[in-house]
Amino acid sequence: MKKNLILIAALLLSIIFISCGSGKKELYIYNWADYMNPELIEKFEKENNCKVVINYFDSNEALYAKLKAGASGYDILFPTSYMSKLLYEQKMVREIDHSKLKNLKNIDMNFVKKGLDPEMKYSVPYMMTFTGIAYNKKKVKNFKASWSMFERTDLSGRMTLLNDLREVIGAALKYNGYKYNSTNDAELEKALNTVIKWKKNIAKFDVDEAKRGLSSGEFFLIQVYNGDALQLISENSDLAFATPAEGTTLSQDDFVIPATAKNVELAYRFIDFMLDPENSKTNMEFVYYLAPNIPAQKLMDKEFLSDPAINPPKSVLTKSDFLKDLGENNSKYSVIWDRIKSAN
């Protein structure tokens with residue numbers, strides 16, 4: 001009888017445990033890799049009795065393609081602003097209900113007004129980013145802060161470019177003295193030829209494996225996002241980061257909520273949680289990117305805010321361009337990218 005009672009009690013406990021586990025809401029996030037402090041994820045899960053599930057993409061175009069193919073399980077996305085705008089125009093993301101975000105007041109509106117969604121109608125700024133070159137100081141001799149490094153035949157097979165059509169074609173445009181958002185056919189053709197020349201020297205177009213390869217010594221020089229480079233440098237003092245003298249791209253990554261999101265209220269709670277000054281500070285310290293969050297920036301060390309690889313000086317800003325959505329002209333870049341990928 002006692003054994004029966006124990007079995008019944010154990011069964012009841014297991015049923016309670018299962019029901020509690022299945023009762024937890026799940027928040028599905030689609031983000032770039034290494035772009036959020038995992039301790040904050042755990043903290044949010046505990047505070048909200050939920051489970052956060054994160055999947056990763058390596059380019060805005062990969063995110064867009066997946067959504068277009070019918071992926072509908074995500075509650076928060078982290079696209080770059082030009083892609084956020086495109087998603088909104090195609091009714092793939094919701095408008096932001098400001099009343100649900102008490103920490104929205106922390107956002108630097110002077111920064112936002114320079115962007116593509118100055119009223120935060122459909123997006124909330126996450127981080128400011130730009131691309132440059134990370135390299136191994138011991139392996140790369142006579143380094144020059146220029147996109148011309150990808151012409152170096154002595155580094156053939158030891159370099160990588162991002163698997164991102166706008167960043168790669170944009171870098172070639174800058175190298176040739178043009179704007180990152182150029183839609184001029186002659187300028188784009190020249191950029192195409194430049195990238196094909198670079199392609200002969202690189203090992204691959206990649207994001208995440210390239211970072212690991214630079215850290216391990218497989219690669220000597222890579223095109224990379226600034227925060228990713230600083231994460232690598234913090235673990236390996238042989239590495240360095242430089243912004244090309246010709247200029248680079250400036251961009252903003254956003255929080256957006258898909259039109260198909262199932263846990264909208266939880267998504268708002270997560271965004272508001274990440275906008276909290278202490279949480280934003282903790283996140284910046286982990287990802288090495290600058291959040292346009294005024295109270296959070298005031299909590300950061302002066303060294304962080306003065307680092308040109310995090311907060312670029314005016315000399316860099318004046319030579320650089322914010323990535324924009326090019327509307328119908330986006331197809332020009334897609335055609336050129338296909339030609340680059342198929343070129344020998």
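Every read-out reported here was derived from the displayed coordinates using simple, explicitly stated rules and does not represent laboratory data. Every value quoted in this text rests on a predicted model; they were computed, and no experiment measured them. Cβ placement follows ideal geometry from the backbone for every residue including glycine, while neighbour counts extend to all protein chains displayed.
So between A186 and E89, what do we pick up on full extension, going 0.36 nm a residue minus the alpha carbon distance?
Numbers: separation 97, 0.36 × 97 = 34.92 nm, distance 2.86 nm.
Contour length minus Cα-Cα distance gives 32.1 nm.
Report the percentage of all Cα-Cα pairs in segment 233-272 whose separation exceeds 10 Å, rounded to a whole percent. Could you put the intermediate results ahead of the total?
Values: 624 of 780 pairs.
For segment 233-272, the share of Cα pairs beyond 10 Å comes to 80 percent.
Averaging over all projection directions, find the projected area of the Cα convex hull of segment 66-208 and quote it in nm² with one decimal place. Write out the running numbers ahead of the final one.
Working: hull surface 46.9 nm².
The orientation-averaged projected area of the Cα hull of segment 66-208 comes to 11.7 nm².
Note down, for segment 260-329, the three equivalent ellipsoid semi-axes (square root of 5 times each alpha carbon gyration tensor eigenvalue), biggest first, whole angstrom. Don't jump to the answer; show the numbers that get you there.
Working: eigenvalues 136, 106, 13 Å².
In descending order, the three semi-axes are 26, 23, 8 Å.
Using alpha carbons only, what's the Rg to Rh ratio of the chain with Rh from Kirkwood? Write out the running numbers ahead of the final one.
Working: Rg = 22.3 Å, Rh = 21.5 Å.
Rg/Rh: 1.03.
Please report, largest first and rounded to whole Å, the three semi-axes of the ellipsoid equivalent to segment 89-141, where each semi-axis is the square root of five times an eigenvalue of the C-alpha gyration tensor.
Details: eigenvalues 238, 42, 22 Å².
Square roots of five times the eigenvalues give 34, 15, 11 Å.
With angles folded into 0 to 90 degrees, how steeply does helix 330-342 sit against the dominant principal axis of the chain? Use alpha carbons for both and round to 10.
Roughly 80 degrees between the two axes.
Would you please calculate the Kirkwood hydrodynamic radius of segment 30-133 over all C-alpha pairs and express it in Å, rounded to one decimal?
Values: mean 1/r = 0.0651 Å⁻¹.
So the Kirkwood estimate lands at 15.4 Å.
Can you give the longest run of the chain that contains no GluC sites (Glu not before Pro) sitting in a DSSP loop with at most 13 other Cβ atoms inside 10 Å? Let's see the in-between values first.
Details: sites that count: E95, E119.
With a cap of 13 other Cβ atoms within 10 Å, the longest stretch comes to 120-344.
Evaluated at 25 °C with a viscosity of 0.890 mPa s, what Stokes-Einstein diffusion coefficient in µm²/s does segment 125-202 have when Rh comes from the Kirkwood expression over alpha-carbon pairs?
Working: Rh = 13.5 Å.
For these conditions, the coefficient is 182 µm²/s.
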